[in-house]
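The values are calculated or read from the model by the stated rules, or taken from the named source; none is laboratory data. The structure presented is a predicted model; accordingly, all values stated were derived computationally and were not measured. Reconstructed Cβ throughout: ideal geometry from the backbone, glycine too, with neighbour counts over all protein chains shown.
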Amino acid sequence: MKISSKSTALSFLSPLLNRLIITIMVCVILFEFKPTQGRPRSSSSKNTFEMFSRESRYAKALKSDKSTKSNKSFRSPYLRMREVPEPEITAIETSTHILQCEAGGSPTPTIFWLKNGKRINQGEIGSLSDDDIQKGELSLSLTRSRLFLDCVHPKDDAVYSCVASSPTHRVSAESHLKVVPNVRTSNELSNEADNSVAKCLAKKSYGSAARIHMWTHNILEMIGSDVQLLCRASGVPAPTISWVGPEDNTLTNSDKYKVLENGDLLIRDLTWDDMGNYMCVAENQHGSDRTSLFLYPTLPEDRK
């Protein structure tokens, strides 16, 4: 009988790995900070103490939860912003500007963007809803999102909001984008600027390259559960989505895997062998984009 060396090694180390990985993920996601330019504030000794105090409380909650029969409420649902754009941003007219944010929580959060309070359509197939996400027993994850602003124009001067949402929580962060003239487009060259924007928009009308605008960055899920890895892309024509597994193998629809209509990957009945890096690839005739994530299966407390 063939025995997977990966499974054997991980089974031996599973208790230690579970504790270590969950501790790291919880510390990363629960660490509260004042967002600045996509980076958390520097950690002082006080912040470090508070971080481990929260982790200690979490560990106690896990121990208490172990005495129960059910693992379905592994921990209380929560949601935190981890990375947001600066409150004030400057973009040069006719350029391409990208806003990015990241949220962490359980269950898996989704992210969308608002412009002056109105939702921006980023090209999802169908409506984006928290109900679209497979609800696992843990789903402790980080979700990232990017907003692409092409052919920046004065009309893009607005307040943009990154909104992270889950079935139980919703948090957001606002940024004011100020559009400034290109050096070559001020004063006597203003007409040329208008032409540049027009040319940029005209080029887009013929199509645009595939770009991934929301994806899972890291996720922990219970062994035996189903897990959904996010990958939402836009482009003209609509891009096709494919997934590559930890063994550099292309994943196709089967009893184990299913690539959903919106581009997400559903993995059924999670096992140790599913651990590793996964890559989502979005492609159309104008170009491609790709992102990667790490999936870590973990054992329920009553099986450690």
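Points to keep in mind about this one:
- G224 being surrounded by 21 or more Cβ atoms within 10 Å (Cβ to Cβ) and part of a loop (DSSP other than H, G, I, E, B): no
- Residues (touching a residue at least 60 places away in the same chain (Cβ under 8 Å), buried (at least 20 other Cβ atoms within 10 Å of the Cβ) and part of a strand (DSSP E or B)) located in segment 233-287: A233, S234, G235, C280, A282, N284
- Residue under evaluation C200, criteria (1) under 28 Å from C162 (Cβ atoms); (2) modelled with pLDDT of 95 or more, criterion not met: (2)
- Near pairs, Cβ below 8 angstrom, 6+ apart or cross-chain, from segment 154-172 (under 16 Å from E88 (Cα atoms)) to any residue that is in a loop (DSSP other than H, G, I, E, B) and β-branched (V, I, T): C162/V84
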